[in-house]
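Notes to accompany the following structure.
The values are calculated or read from the model by the stated rules, or taken from the named source; none is laboratory data. Note that the structure is predicted; figures quoted are calculated from it, not measured. Methodologically, a virtual Cβ is constructed for each residue, glycine included, from the backbone with ideal geometry; neighbour enumeration extends over all protein chains shown. Keep in mind that these areas ignore ligands, DNA and RNA; they rest on the heavy atoms of the full protein, side chains included. Shrake-Rupley method; radii C 1.70, N 1.55, O 1.52, S 1.80 Å.
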Amino acid sequence: MASSLGSAFGVAIFAAVYGAIAANRNLETAATVGIIVNVIFGVLSIFSTIFLVPLKHLMLLKNYQLEALL
């Protein structure tokens, strides 16, 4: 459910940025700015995951996956 909600917010943000810029300028600029906004949010989400997920949990997950393979 979280991924569906995140996707919906992503599409809504992209559509809002695209629509606001497309109303005043050309469509190519609107699409470029919309994609740049999506990339910024993607990079922000990666960094927030890196800094907010405890390293201990990642190490446990890594060890569990290695034990499952052996």
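The table that follows gives values for the structure above.
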{"quantity": "Scan of segment 37-55 for residues that are open to solvent by less than 90 Å² (accessible area, probe 1.4 Å) and in contact with a helix residue (DSSP H, G or I) (Cβ under 9 Å, 6 or more places away or on another chain), ordered by number", "calculated": "VAL37, ASN38, GLY42, SER45"}
{"quantity": "Search result, residues across segment 1-36 that are touching a helix residue (DSSP H, G or I) at 6+ places or on another chain (Cβ under 6 Å) and among the small types (Gly, Ala, Ser)", "calculated": "ALA22, ALA30, GLY34"}
